[in-house]
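Engineer: Encoded as structure tokens, here's the structure I'll be asking about.
The values are calculated or read from the model by the stated rules, or taken from the named source; none is laboratory data. Because the structure is predicted, anything quoted here is derived from the model rather than measured. For neighbour counting, all protein chains shown are included, and Cβ atoms are generated from backbone atoms with ideal geometry for every residue, glycine included. Side chains included, ligands, DNA and RNA excluded: accessible areas come from the protein's heavy atoms. Shrake-Rupley method; radii C 1.70, N 1.55, O 1.52, S 1.80 Å.
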Amino acid sequence: MAAAVPGACRARTAAALLLLLLGCCGAAPPGLQDQAEQFFRSGHTNNWAVLVCTSRFWFNYRHVANTLSVYRSVKRLGIPDSHIVLMLADDMACNPRNPKPATVFSHKNMELNVYGDDVEVDYRSYEVTVENFLRVLTGRIPPSTPRSKRLLSDDRSNILIYMTGHGGNGFLKFQDSEEITNVELADAFEQMWQKRRYNELLFIIDTCQGASMYERFYSPNIMALASSQVGEDSLSHQPDLEIGVHLMDRYTFYVLEFLEEIHPASQTNMNDLFQVCPKSLCVSTPGHRTDLFQREPRSVLITDFFGSVRKVEITAGALPLDRDVAAPESK
């Protein structure tokens, strides 16, 4: 039996066929070839997002707002709820200390409520554990788990993983009672790669000493960003006197400000995202890691991870049709 063709190879083959067709027809206007190559360059056909807030308690309001704001952005850019796994360790909208029940705000003066009517939380409160998070990533979950709590990705999936909470050198706390280490996270990503659960993966973390969480990564096709270097704190932003807490963290605030300028057809690339929130704004020093990623960051569109573009795959083979299938009766 022939081995399965990797997703990236299939995409390159499809691109080559498309370009050959255009060339044979002599109908390729200037610039169309570049557009066709960009269309197939990433090799992915679907997008997923795993968004995780690991902190409980009212004074960690900003971590919930961080996660809900990223959730709002990826939905706006086209990733549907069916392809988002949202994990919130606390329900700030229903907290008795919330002066505006059923709301979570991410901007001062309560300008933007990110806890709208269409928020679908998949894991909440004490369901947000290290074990459940790792099970979601690796697919090792009980058969009774509903579809909404599963990451049903494959080798053609581009996955965005965003995490926020309290961390330190080499760990991120969950619920103030347990922690995930950078080694455990790296091993989970390796399991995902071995099980063909992703094509490319973008990891973003907003926590103190965030860069330590991607130091142990060793699997292919992973790009990682962090809000702070080892030994640095990741700082909060936008204190609100009425609510009595900070509304967001600095790094996530400026990333989301950047994403507000992105639309589904944007050509903005990852190099532009690397420039978001310099030390003059973040106070901490954001970091990124690209050595495991096969493509150059300048060729990776922001929408390759934050959006959901339906791609067309061209095949040279004929699709057999069953002639015995009866035509539907006319009414």
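Engineer: Among the residues in the stretch 215-237, are any open to solvent by 10 Å² or more (accessible area, probe 1.4 Å) and assigned to a strand (DSSP E or B)?
Structural biologist: Yes, there is a match, as at least one residue in the stretch 215-237 is open to solvent by 10 Å² or more (accessible area, probe 1.4 Å) and assigned to a strand (DSSP E or B).
Engineer: Which residue, of T268, T252, is among the β-branched types (V, I, T) and open to solvent by 10 Å² or more (accessible area, probe 1.4 Å)?
Structural biologist: Result of the check over T268, T252: T268.
Engineer: Return the pairs, sorted by first residue and then second, in which the second residue is open to solvent by 30 Å² or more (accessible area, probe 1.4 Å) and of a type in the set (D, E, K, R), the first residue lies in the stretch 274-296 and is at positive phi, the beta carbons are less than 8 Å apart, and the residues are 6+ apart or on different chains.
Structural biologist: C277/R250; V283/R250
Engineer: I would also like to ask the following. Restricting attention to the stretch 288-303, and to residues there that are of a type in the set (S, T, N, Q) and out of contact with any strand residue (DSSP E or B) (no Cβ under 6 Å at 6 or more places or on another chain), which single residue is least open to solvent (accessible area, probe 1.4 Å)?
Structural biologist: Result: T303.
Engineer: Can you tell me which residues in the stretch 148-176 are hydrophobic (A, V, I, L, M, F, W, C) and in a strand (DSSP E or B)?
Structural biologist: I159, L160, I161, M163, F171, L172, F174
Engineer: What number goes with the only condition from (1) touching a strand residue (DSSP E or B) at 6+ places or on another chain (Cβ under 9 Å); (2) under 19 Å from F306 (Cβ atoms); (3) free of Cβ contacts under 8 Å to residues at least 12 places away in the same chain that T181 does not pass?
Structural biologist: The single condition T181 does not satisfy is (2).
Engineer: Just need a number here: residues in the stretch 259-270 that are closer than 15 Å to P297 by Cβ and assigned to a helix (DSSP H, G or I).
Structural biologist: Qualifying residue count for the region: 1.
Engineer: Does L247 qualify as being aliphatic (A, V, I, L, M), assigned to a helix (DSSP H, G or I) and surrounded by 20 or more Cβ atoms within 10 Å (Cβ to Cβ)?
Structural biologist: No, not satisfied.
Engineer: If you scan the stretch 177-208, which residues turn out to be farther than 20 Å from V128 by Cβ and open to solvent by less than 40 Å² (accessible area, probe 1.4 Å)?
Structural biologist: A186, E190, R197, Y198, N199, E200, L201, L202
Table: residues versus (1) part of a helix (DSSP H, G or I); (2) hydroxyl-bearing (S, T, Y); (3) without any contact (Cβ under 8 Å) to a residue 24 or more places away in the chain.
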site	(1), (2), (3)
V52	no, no, no
S55	no, yes, no
F59	yes, no, no
V64	yes, no, no
L86	no, no, no
N98	no, no, no
T103	no, yes, yes
Y126	yes, yes, no
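Engineer: OK, next. Specify the residue that is farthest from H83 (Cα to Cα); the eligible residues are those in the stretch 271-287 that are of a type outside the set (V, I, T) and surrounded by fewer than 18 Cβ atoms within 10 Å (Cβ to Cβ).
Structural biologist: S280
Engineer: Yes or no: the stretch 105-118 includes at least one residue that is open to solvent by less than 20 Å² (accessible area, probe 1.4 Å) and assigned to a helix (DSSP H, G or I).
Structural biologist: No, every residue in the stretch 105-118 fails to be open to solvent by less than 20 Å² (accessible area, probe 1.4 Å) and assigned to a helix (DSSP H, G or I).
Engineer: Looking only at the stretch 265-297, count how many residues are closer than 24 Å to E215 by Cβ and either among the basic types (K, R) or out of contact with any Lys or Arg (no Cβ under 6 Å at 6 or more places or on another chain) (or both).
Structural biologist: 22
Engineer: For the stretch 123-154, enumerate the residues that are buried (at least 18 other Cβ atoms within 10 Å of the Cβ) and either β-branched (V, I, T) or at pLDDT below 95 (or both).
Structural biologist: V128, T129, V130, V136, T138
Engineer: Additional query: Just one of (1) under 19 Å from the mean Cα position of the chain (by Cα); (2) modelled with pLDDT under 95 trips up S280, so point out which.
Structural biologist: (1)
Engineer: Looking at the stretch 294-306, can you tell me whether even one residue there is touching a Leu at 6+ places or on another chain (Cβ under 9 Å) and closer than 23 Å to F59 by Cα?
Structural biologist: no
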